[in-house]
Structures are given as structure tokens and as C-alpha cells.
Amino acid sequence: MSAPGQSRQIQSLITQEGKLELSIAAVDLPEPGPDEIIVRIEAAPINPSDLALLTGPADLSTAQASGTADSPVLTADISPKLMGMVAGRIGEPMAVGNEAGGVVVAAGSSAAAQGLVGKTVGIAGGEMFAQYRCVNAMMALPMPEGVTPAQAASSFVNPMTALGMVETMRDEGFTALVHTAAASNLGQMLNRICIADGIDLVNIVRKPEQEEILRELGAKYVVNSSADSFADDLTAAIEATGAYLAFDATGGGHMANTILTCMERAATKGMEYNRYGSDTLKKVYVYGRLDLSPIQLTAAYGFAFSVSGWLLTPFLQRIGIPRMIELRERVAAEINTTFASHYTAEVSMEEALSLDTLRVYSQRQTGQKYLINPHKQGSSRISGE
């Protein structure tokens, strides 16, 4: 098997007129340098983090389809008030996709690159919604024998984020965690990690069926944000675990505020009144924006609190290459157990740009995840569950 001279890829363009344009473009595939490989991509997950680049701030209710079956084009309006957010990318077609799984079909002259030829790998580094991708050999994670590209596809974003949460907890001196949107693929991975490593994890979900998913995994602390007793249940779980560090995938609304309030209630139980609140540090890292509304804080939890953003890439830069390699090796070894992912449907690139499919995966619903197979032929109708 060898690499062709061109590859098709999904591109996202924002025009000066305030339009989002999604299309499939043919691009030249370079010859690999000495330390580079070419991967035939067979599976690429659509992660929530991909949508920031794919659709940006576009109003998808205005989306319209054009082009042909083999070369679809989607357009949608962007509010003039939001154009400032994307000023740096106006007029620049941008390839999309954070990670993928595939087979190495060509390599440069170095031993490291040549040693990967024919192997199934997980890769990251952007521009992954494509048929082929040229990357540095260090960006590839070789998989154990028998692992498929689809199984390898989600080997970076969710696994490394889940491990990053646990490592951040340890580095900052916390001993337990709170996690929102906890029944997602990432949330299930985090549960398996915490169970294996003996870490207490408080899971926040929205639906009874999501509670059931986590309890079947062995989760001990699961609270439902839709229940009337949510605040009391969350406070009790925090008190039982000492979980004063949270990772929040929702981002907007009152969730961070509710978590901090319940942390303070747990911290001050039995404590003599202090007008400045407890001195227990309560921390919420926002790592996703499933809710795009503003974060609302009432500051009813003293002054020993923090709300800030958390992103995987800066975390990996901070811990250094040797530690990152250790985490990646754990992912590869446990790709079909701890770090297994589940998908709603496999779609072609053309299907990914259909209005029906876009409307489903852009909702970012917990438990719904789509896998792009860039070499898939034909189309099928995708509907929400």
C-alpha cells in the first residue's frame, strides 16, 4: 500500500461577508521527510472540541446545503456581533479534526519512521478529517496487535484529557474529583481510571439512564442535576469524598456556581461561623463549553475559590515529554478497556456535511459521538436518538 499524491479533507472557511462555508477540498500530499509518516486515515471522531473550528460561532439554524453529492457545501450565517471572535481566520480555509486512527502507508528514511510502516496507529495534530495525513512519527501512537483504526481513533483527546484531570489533581494536592457531563465517553474513561487507581469521583449527570450507565461501570457517587435533591446530594457526596476540585464540561450557566456552593456547604459543616467562609480551597476548571451562555457566579462560598480554564495542550507542555510518553503508553495498552470509545454512527465525509447529520452532532449530546470514515462510499440518513 502506498500514498497517493493528493488527499481530500474537510475545510472550514469564514468569509468577509459573515458566512461559514464547509466543504471538501483536494490538497497535495507532501512526500514524507526523514522523521515523518503518511497515515491512511480510516476513522476520525467528531469531538466537541472540533466544533469550535468546524462551525465556529455560526448560527446553524440558518444552514443551507448546496454543491453535489460528491462535493457538498454547507453555508450558515454568523452574527456581525460575533465576527470579532474569528477575525484572525477570515478568508483562510482551515482543515479540521483533532485526532484519528489509521494505517501507516509510507515513511521517511529514519528508523523511527520506517518502523511504523504497516502499523495501526492513533494520531493527533489537527487536519484529521482527511483521507491521508503526513505527520511526525512522534505524533503516532502504535497500537497493540489486533486493534483496529476505529478503536485507535479516540486515543488522544478523551484519554489524555481524563488522565490529565487525574494528574492535575495529584499535582495540586487534591485527593478526589467532581466531574460534569459524566456519562460521556470521556466521563466513562475517567470513571475507569479512578476505580483502577483508587480515587473517589463524584459524577454529575442529567438523566436517570446516565446514572445507570455509570453505576453499571461501578461508580459509587452519581448525582442527577435534574433532581430536586441535587444540591443536597452533591453536598453529601463532596462531604463523603473530600472532592474540592471539579472539571466542568458544561462551561456556561450556574453549574460551576452550584458546585462551589456545595463544596462550601461541605467544608463549613460543623465549622464555627466565619464571615469570610471556609479556608478550604475550592476549585473548578472549565474544560468545555457545552453551554455557551455566560458563567454565572454568586460568590456565596467565601474567598478561597477559583474558577479558570483548563486545556489539554498546555497541560502536556507543562508535564514534559517523558511523563507524556508514560501516559500515552498507558492509553495504548488499555485502548479497548479503560479507554474504549463507543460511537453512534460511522459517516463519510460527505455525510458529515449533510444538514441532517450536522444538526445531530452539533447538539453535543452526551452519549452521541460520530466517527468519520474518509474512505467510506455512499450515504445513509442519520437521525438523533
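Quick notes on this one:
- Scanning region 164-197 for residues that are part of a loop (DSSP other than H, G, I, E, B) and over 25 Å from Gly320 (Cβ atoms) returns Thr180, Ala181, Ala182, Ala183, Ser184.
- Meets criteria (under 22 Å from the mean Cα position of the chain (by Cα), farther than 22 Å from Tyr343 by Cα and buried (at least 17 other Cβ atoms within 10 Å of the Cβ)) for Gly122: no
- Scanning region 245-257 turns up no residue that is more than 26 Å from the chain's Cα centre (by Cα), surrounded by fewer than 21 Cβ atoms within 10 Å (Cβ to Cβ) and either aliphatic (A, V, I, L, M) or farther than 25 Å from Leu312 by Cβ (or both).
- Scope region 35-87; condition closer than 23 Å to Ala150 by Cα, in contact with an Asp or Glu (Cβ under 9 Å, 6 or more places away or on another chain) and among the hydrophobic types (A, V, I, L, M, F, W, C); matching residues: Ile38, Ala43, Ala44
- Against the list (1) modelled with pLDDT under 95; (2) more than 23 Å from Asn224 (Cα to Cα); (3) out of contact with any Leu (no Cβ under 7 Å at 6 or more places or on another chain); (4) not charged (D, E, K, R), the condition His342 fails is (2).
- Any hit, region 142-160, residues being part of a strand (DSSP E or B) and either among the charged types (D, E, K, R) or surrounded by fewer than 24 Cβ atoms within 10 Å (Cβ to Cβ) (or both): yes
- For Arg265, the stated conditions do not hold, so it cannot be described as basic (Lys, Arg), under 24 Å from Glu167 (Cα atoms), buried (at least 18 other Cβ atoms within 10 Å of the Cβ) and assigned by TED's automatic domain parsing to the domain that holds Asn203.
- Any hit, region 280-287, residues being over 22 Å from the mean Cα position of the chain (by Cα), assigned to a loop (DSSP other than H, G, I, E, B) and surrounded by fewer than 19 Cβ atoms within 10 Å (Cβ to Cβ): yes
- Residue in region 182-193 that is modelled with pLDDT of 95 or more, in contact with a strand residue (DSSP E or B) (Cβ under 6 Å, 6 or more places away or on another chain) and over 21 Å from Gly288 (Cα atoms) present: no
- Pair list, Cβ < 9 Å and 6+ apart or interchain, from region 363-377 residues that are on the phi < 0 side of the Ramachandran plot to residues that are of a type in the set (Lys, Arg) and modelled with pLDDT of 90 or more: Thr366/Arg206; Thr366/Lys207; Pro374/Arg8; Pro374/Arg40; His375/Arg40
- Every residue from region 332-359 that is part of a helix (DSSP H, G or I), surrounded by 19 or more Cβ atoms within 10 Å (Cβ to Cβ) and out of contact with any strand residue (DSSP E or B) (no Cβ under 7 Å at 6 or more places or on another chain): Glu351
- Test: Leu82 is among the aliphatic types (A, V, I, L, M) and buried (at least 16 other Cβ atoms within 10 Å of the Cβ): no
- The set of residues from region 22-72 being loosely packed, with under 15 Cβ neighbours inside 10 Å and β-branched (Val, Ile, Thr) comprises Thr62, Thr68.
- Residue count for region 302-317, restricted to those that are without any contact (Cβ under 8 Å) to a residue 40 or more places away in the chain and either of a type in the set (Phe, Trp, Tyr) or touching a Lys or Arg at 6+ places or on another chain (Cβ under 7 Å) (or both): 3.
- Candidates Ile321, Ile335: the one that is farther than 30 Å from Asp59 by Cβ, modelled with pLDDT under 95 and hydrophobic (A, V, I, L, M, F, W, C) is Ile321.
- Count of region 218-252 residues, restricted to those that are within 20 Å of Gln365 (Cα to Cα) and out of contact with any Asp or Glu (no Cβ under 8 Å at 6 or more places or on another chain), is 5.
- Among the candidates Ala137, Ala196, Ala113, Ala176, the residue that is farther than 24 Å from Leu281 by Cα, assigned by TED's automatic domain parsing to the domain that holds Met263 and not aromatic (Phe, Trp, Tyr) is uniquely Ala196.
- Near pairs, Cβ below 6 angstrom, 6+ apart or cross-chain, from region 142-169 (at pLDDT 95 or above) to any residue that is buried (at least 24 other Cβ atoms within 10 Å of the Cβ) and aromatic (Phe, Trp, Tyr): Pro159/Phe339; Met165/Phe247
A quick yes/no check of all residues on (1) more than 23 Å from Asp356 (Cα to Cα); (2) out of contact with any Ser or Thr (no Cβ under 9 Å at 6 or more places or on another chain); (3) not basic (Lys, Arg):
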| position | (1), (2), (3) |
| --- | --- |
| Leu13 | no, no, yes |
| Lys19 | no, no, no |
| Glu42 | no, no, yes |
| Asn47 | no, no, yes |
| Gly56 | no, no, yes |
| Leu74 | no, no, yes |
| Met83 | yes, yes, yes |
| Ala87 | yes, yes, yes |
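The values are calculated or read from the model by the stated rules, or taken from the named source; none is laboratory data. Quick caveat, the model's predicted, so the values are computed rather than measured. In this analysis, Cβ positions are derived from the backbone assuming ideal geometry, glycine residues included, and neighbour counts consider all displayed protein chains.
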